[in-house]
Amino acid sequence: MITTFFPPHHFGGDAIAVQQLSRGLAARGHEVTVIHDVDAFAALAPGPEPAEDIEPAGVTVHRLRSRLGVLGPVLTHQLGRPTVHAARIERLVRDGRFDVVHFHNVSLIGGPGILGVGGPGPIKLYTAHEHWLVCPTHVLWRHARELCDGRACLRCQLAHRRPPQLWRTVGRLERALRHIDVFLAQSAFSARKHAEFGFRHPMTVLPPGLPDLAPGRPLPPAPPDPGAKPYFLFAGRLEQIKGADDAIAAVRSVPEAELWIAGAGSHEPRLRDLAGPQVRFLGRLEPDALARATRGCVAVVVPSRCFETFGLVLAEAFRAGAPVIARRLGPFPELVEQAQGGLLFDDVDGLASAMRTLAADPALRALLGEQGRAAWEERWSEDAVLPRYLEIIERARAARG
């Protein structure tokens, strides 16, 4: 696994998905090596070093650091190839003699230049956790204010306060993509959006596979606070594109309930200014604490304003048996329809209406939760996804001859 971010040096769903995939494979007898760039995380989140996660037997993690610090990922971003860590990455892949090299978010660990690492021997996969293959800012959020429906990349990069990547204009990415055997999209929507923005390679849809919360045991109970109000849960990065502002506005129409916000990010001060007494800020929660909060909520609210590639928080809600209320945007309608586990909305009034509906109807909440849990078991659990993952690799091997 080659990726820029990996827990605990990460910001969200892409790194968690890589960790869960790695652990799931190791639990089934595979040997997994992860290579990621700590300098890239430090460049974007300066501060104390987070405590490292302890990975299970079968998962080896190489955390790349350099005395040059921020300069390494900056050079990679601008040159489109590994720089400071190039020799070490090449050595790790060569000496590992891997059957499969799986690329994830490579934007700051190597850019397109890393896709040839290891030569032609291993099967090579690429998972599009974001829209980096067609968007320099990853998120198709044009000029940092609106959904993108057409290219204005130079001005957009400047609006996002990112230096332009000139290598995108000379065909380097397209040439590098020839090293990849299989491109994986996390949703049918994401595959269509890549094609719409000019990505010419076929994509196989494979969602993330989530481990069970407590295999062989009951789901974790709700927080033991009998005096607490019913609450809706927002979980994710606190950035403008995630839309928590709309959840704060909508919960005012449900005076009998609260909104719990789990996460951190640069938009948090603004959200605290908007919040009233109905809103609790929980900070970043450990997985067990987040699972308990999810299990006890009326519904998980997903008001993201940008084109997500999947929406891990929806699958996490379905796993916990919690309904979702998601914006009618990107892959969310696809997931909610497949799960029959939630409601969709278009604007703040629609979100408020959906919140009132679920707050007043325990039977509907229970039905949606049961349907979502059943869909998770069938579609988004490790037991459902990992066999498909291995089948994709075997088909790639057969195609190679």
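Here is a check on your reading of the model: is residue 103 aromatic (Phe, Trp, Tyr) and over 21 Å from the mean Cα position of the chain (by Cα)?
Working: aromatic (Phe, Trp, Tyr): yes; over 21 Å from the mean Cα position of the chain (by Cα): no.
It is false that residue 103 is aromatic (Phe, Trp, Tyr) and over 21 Å from the mean Cα position of the chain (by Cα).
Is there a residue being in contact with a Ser or Thr (Cβ under 9 Å, 6 or more places away or on another chain), modelled with pLDDT of 95 or more and among the β-branched types (Val, Ile, Thr) anywhere in segment 244-257? Looking through segment 244-257, none of the residues is in contact with a Ser or Thr (Cβ under 9 Å, 6 or more places away or on another chain), modelled with pLDDT of 95 or more and among the β-branched types (Val, Ile, Thr).
For residue 145, the conditions (1) in contact with a strand residue (DSSP E or B) (Cβ under 8 Å, 6 or more places away or on another chain); (2) basic (Lys, Arg); (3) within 30 Å of residue 243 (Cβ to Cβ) all hold with the exception of (1). Going residue by residue through segment 191-199, is there one that turns out to be in contact with a strand residue (DSSP E or B) (Cβ under 6 Å, 6 or more places away or on another chain), within 30 Å of residue 395 (Cβ to Cβ), modelled with pLDDT of 95 or more and surrounded by fewer than 18 Cβ atoms within 10 Å (Cβ to Cβ)? For segment 191-199, residues in contact with a strand residue (DSSP E or B) (Cβ under 6 Å, 6 or more places away or on another chain), within 30 Å of residue 395 (Cβ to Cβ), modelled with pLDDT of 95 or more and surrounded by fewer than 18 Cβ atoms within 10 Å (Cβ to Cβ): absent.
Within the option set 31, 49, being under 20 Å from residue 125 (Cβ atoms) and over 21 Å from the mean Cα position of the chain (by Cα) holds for one residue only, 31.
Here is a check on your reading of the model: is residue 280 out of contact with any strand residue (DSSP E or B) (no Cβ under 6 Å at 6 or more places or on another chain), over 19 Å from residue 362 (Cβ atoms) and among the basic types (Lys, Arg)? It is false that residue 280 is out of contact with any strand residue (DSSP E or B) (no Cβ under 6 Å at 6 or more places or on another chain), over 19 Å from residue 362 (Cβ atoms) and among the basic types (Lys, Arg). Residues in segment 64-72: is at least one within 28 Å of residue 178 (Cα to Cα) and either part of a helix (DSSP H, G or I) or not assigned by TED's automatic domain parsing to the domain that holds residue 184 (or both)? For segment 64-72, residues within 28 Å of residue 178 (Cα to Cα) and either part of a helix (DSSP H, G or I) or not assigned by TED's automatic domain parsing to the domain that holds residue 184 (or both): present. Residues that are surrounded by 15 or more Cβ atoms within 10 Å (Cβ to Cβ) and in a loop (DSSP other than H, G, I, E, B) do occur in segment 85-98.
The values are calculated or read from the model by the stated rules, or taken from the named source; none is laboratory data. In this text, all values refer to a predicted model and were calculated from it rather than measured experimentally. Quick reminder, even Gly has a Cβ in these numbers, built from the backbone with ideal geometry, and neighbours come from all protein chains shown.
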